[in-house]
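The values are calculated or read from the model by the stated rules, or taken from the named source; none is laboratory data. Because the structure is predicted, anything quoted here is derived from the model rather than measured. Glycine gets a Cβ as well: all are built from the backbone with ideal geometry, and neighbour counts include every protein chain shown. Ligands, DNA and RNA are excluded from the accessible area calculation, which covers all protein heavy atoms including side chains. Shrake-Rupley method; radii C 1.70, N 1.55, O 1.52, S 1.80 Å.
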Amino acid sequence: MLKKPKMIWFDYGQTLVKEANFNGVKGTEAVLQYAVTNKYDLTAAQVQAEAEKINQELGRFDPAKRHLFQVEVPNHMFTAYLYESLGIQLSISSEEIDRVFWDAAAPGVPTEGIESFLEFLYQNDIRTGVLSNISYAGTVVEERINKMLPNHHFEFIIATSEYMYRKPHKRIFEFILEKSELRPEEVWYIGDQYQCDVVGAKSVGIAPIWYRGAIDMPYEEKEDVLKITDWKELQAMLM
């Protein structure tokens with residue numbers, strides 16, 4: 001039995017918000033509209049192919065190995081290198097690049113029932129926050145969450161792009177405990193990735209909950225964690 005928490009922290013992608021399948025070429029097409037110089041007349045597909053090559057070299061985003069990559073590369077560093085190394089100059093800031101690329105590459109909608117669940121938590125004095133493994137600028141992440149969930153009461157929206165460590169590294173979970181000013185046994189963490197979210201939370205004594213309601217895909221079954229597919233399930237447990 002889980003002890004009722006004083007605070008619940010949420011993952012962002014495929015937990016709070018269901019994002020469409022990532023399309024990097026669409027994102028790059030949107031960004032290239034702001035190119036003032038394209039020295040080699042590269043297409044969006046060519047630029048994205050180079051981005052994917054760099055990510056492979058870094059070991060990022062491989063679903064089977066992403067939990068091993070525990071230091072964040074902020075997007076402003078990645079895109080500065082990517083575009084300038086290809087002879088491309090853009091007329092927009094790094095934050096604007098993040099916004100333009102993300103909106104085109106991975107539009108999203110709130111997961112079903114999340115607004116009602118967040119309101120329930122607020123009405124029952126359960127604090128909330130967000131911790132997301134994400135390379136986009138923290139201000140851009142906060143802007144998107146505010147747009148998607150305008151009535152939220154998150155005390156903190158933590159993007160790993162601003163704090164170096166990625167889940168499942170224990171330091172980023174220790175960090176949110178410090179921000180919460182709570183003990184591990186007073187906190188729950190909810191996310192959609194077993195290795196990053198469940199294993200990471202458990203490493204510091206935070207109770208994990210595995211949310212599996214955003215993506216229609218097979219999951220490897222695990223017996224050491226509470227699994228939910230509907231926010232109403234969790235609300236019922238808290239009543």
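Data overview
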| item | result |
| --- | --- |
| All positions within the stretch 119-134 that are more than 28 Å from Lys26 (Cβ to Cβ) and open to solvent by 20 Å² or more (accessible area, probe 1.4 Å) | Glu119, Phe120, Tyr122, Gln123, Asn124, Asp125, Arg127 |
| Subset of the stretch 106-129 [assigned to a helix (DSSP H, G or I) and touching a residue at least 12 places away in the same chain (Cβ under 8 Å)] | Ile114, Glu115, Ser116, Phe117, Leu118, Glu119, Phe120, Leu121, Tyr122 |
| Evaluation of Val187 against (1) open to solvent by 20 Å² or more (accessible area, probe 1.4 Å); (2) out of contact with any Asp or Glu (no Cβ under 9 Å at 6 or more places or on another chain) (one fails), failing number | (1) |
| Extreme residue, modelled with the lowest pLDDT, among residues of the stretch 4-32 that are out of contact with any helix residue (DSSP H, G or I) (no Cβ under 8 Å at 6 or more places or on another chain) and open to solvent by 90 Å² or more (accessible area, probe 1.4 Å) | Asn21 |
| Lone unmet requirement of (1) more than 18 Å from Gly113 (Cα to Cα); (2) within 14 Å of the chain's Cα centre (by Cα); (3) surrounded by fewer than 21 Cβ atoms within 10 Å (Cβ to Cβ) for Val225 | (2) |
| Flag for Ile176 being open to solvent by 50 Å² or more (accessible area, probe 1.4 Å), under 20 Å from the mean Cα position of the chain (by Cα) and touching a residue at least 60 places away in the same chain (Cβ under 8 Å) | no |
| Pairs with Cβ under 7 Å, 6+ apart, first in the stretch 2-28 and on the phi > 0 side of the Ramachandran plot, second open to solvent by 50 Å² or more (accessible area, probe 1.4 Å) | Gln14/Ile215 |
| Unique match (being hydrophobic (A, V, I, L, M, F, W, C), modelled with pLDDT of 95 or more and surrounded by fewer than 20 Cβ atoms within 10 Å (Cβ to Cβ)) among Ala35, Ala105, Ala137 | Ala35 |
| Test: residue in the stretch 190-202 that is modelled with pLDDT of 95 or more, among the basic types (Lys, Arg), open to solvent by less than 20 Å² (accessible area, probe 1.4 Å) and closer than 15 Å to Trp9 by Cβ | no |
| Count of the stretch 204-222 residues which are crowded, with 16+ Cβ neighbours inside 10 Å and not charged (D, E, K, R) | 9 |
| Among residues of the stretch 60-84, those that are open to solvent by 60 Å² or more (accessible area, probe 1.4 Å) and either in contact (Cβ under 8 Å) with a residue 24 or more places away in the chain or more than 30 Å from Glu220 (Cβ to Cβ) (or both), counted | 6 |
| Verdict on Gly138 being small (Gly, Ala, Ser), in contact (Cβ under 8 Å) with a residue 24 or more places away in the chain and within 25 Å of Gln48 (Cα to Cα) | yes |
